[in-house]
Amino acid sequence: NDAVATDNRRQFAAMRTLVLNLMSSPGSGKTTLLEQTLLRLRRDVPMPVAVIEGDQQTSLDAERIRKTGVPAVQVNTGKACHLDALMVKRALTELPPLRDGLLLIENVGNLVCPAGFDLGEQRRVVIASVTEGEDKPLKYPGMFAHADLVVVSKIDLLPYLDFDGDRFARYAEQVRPGVELLWLSARTGDGMAAWLAWLR
């Protein structure tokens, strides 16, 4: 896997393509965040963008992404709980050229397995929703320890939850010192400007 990931990374560098690996548990809001991101990018930042969707079964997420007008390839992993570098390499052959563009990889919803597989990405983004509780960085340190950014999603639900944001931030800092946190709601748009600024 590491050899293929290294080859992927060389290919991305040659194309000047930024590649993000988005990882989270199921139901964190990854696909909704992607939809809203793509709609805004297409409007404000004209450049080639594509998505690789990882799921064990179905093409539901890729169909949602294609409705934004952005090309997407669905990769079904079957019994596997993560994407690997070879899956990404094969998916690339089904996408248009992304020179000077952006490739977003939505990994399989899982806070354990995806952390152990390099895909050739330049940045890892971990998404944690406020509905999951503030203890996730400590319970799944392997995932958070290599995050370049942690997005805390669904903040519009905070009034209805007992979620301690300060504690979550402390736990994330404990596992990954200096990690940047972004707080947002893709549904309301709160925090989306900061997320798009980070992407740029």
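The values are calculated or read from the model by the stated rules, or taken from the named source; none is laboratory data. Since we're looking at a predicted model, the values are computed, not measured. Positions of Cβ are generated from backbone atoms using ideal geometry, with glycine treated the same way; all protein chains shown enter the neighbour counts. Heavy atoms of the whole protein, side chains included, go into the accessibility calculation; ligands, DNA and RNA do not. Shrake-Rupley method; radii C 1.70, N 1.55, O 1.52, S 1.80 Å.
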Between the residues L34, P48, S129, the Cα farthest towards the positive end of the dipole of the chain, that dipole coming from +1 and -1 charges on the beta-carbon of Lys, Arg, Asp and Glu, is from P48
Bridge orientation stat for the chain from DSSP, antiparallel percent rounded to 5, came to 0
Taking placed amide H atoms and a strict 5 Å upper bound, the residues 5 or more places from V151 or on another chain that come that close are V126, I127, A128, L182
Short to long, in 5 Å steps from zero, the percent of alpha-carbon pairs of the chain per bin is 1, 8, 16, 21, 21, 17, 10, 4, 1, 0
Share of accessible surface on carbon and sulfur in the chain, whole %, 1.4 Å probe and ligands ignored, is 51
Answer in debye to the nearest 20: the dipole magnitude of the chain about its Cα centre, from +1 Lys/Arg and -1 Asp/Glu charges placed on Cβ, is 540
When every protein chain stays in place and a 1.4 Å probe is rolled, T58, T93 sorted by accessible area with the largest first are T93, T58
The percentage of Cα-Cα pairs in segment 19-92 separated by more than 17 Å is 44
Mean 1/r over distinct Cα pairs of segment 54-146, inverted to a Kirkwood Rh in Å, yields 14.6
Computed Rg/Rh for segment 98-166 (Cα atoms; Rh = Kirkwood radius) stands at 1.02
To the nearest 20 debye, segment 59-160 has a Cα-centred charge dipole, built from +1 on Lys and Arg Cβ and -1 on Asp and Glu Cβ, of 220
With the 1.4 Å probe rolled over protein heavy atoms, the chain has an accessible area per residue in Å² of 46
Sequence order, segment 105-116: Karplus ³J(HN,Hα) from phi using 6.51 cos²θ - 1.76 cosθ + 1.60, θ = phi - 60°, Hz rounded, Gly and Pro as x, gives 10, 8, 6, 4, x, 5, 8, 10, 4, x, 5, x
Quick calc: nm separation of the 7 Å Cα→Cβ label points for R99 and T58 -> 3.8
Computed on Cα atoms, the radius of gyration and Dmax of segment 141-187 in angstrom are 11.2, 30
So, relative contact order of the chain in percent, Cα under 8 Å, 6 or more apart, is 25
Applied in sequence order to segment 58-63, the curve 6.51 cos²θ - 1.76 cosθ + 1.60 (Karplus, θ = phi - 60°) yields integer Hz couplings, x standing for Gly and Pro, of 6, 10, 4, 5, 4, 5
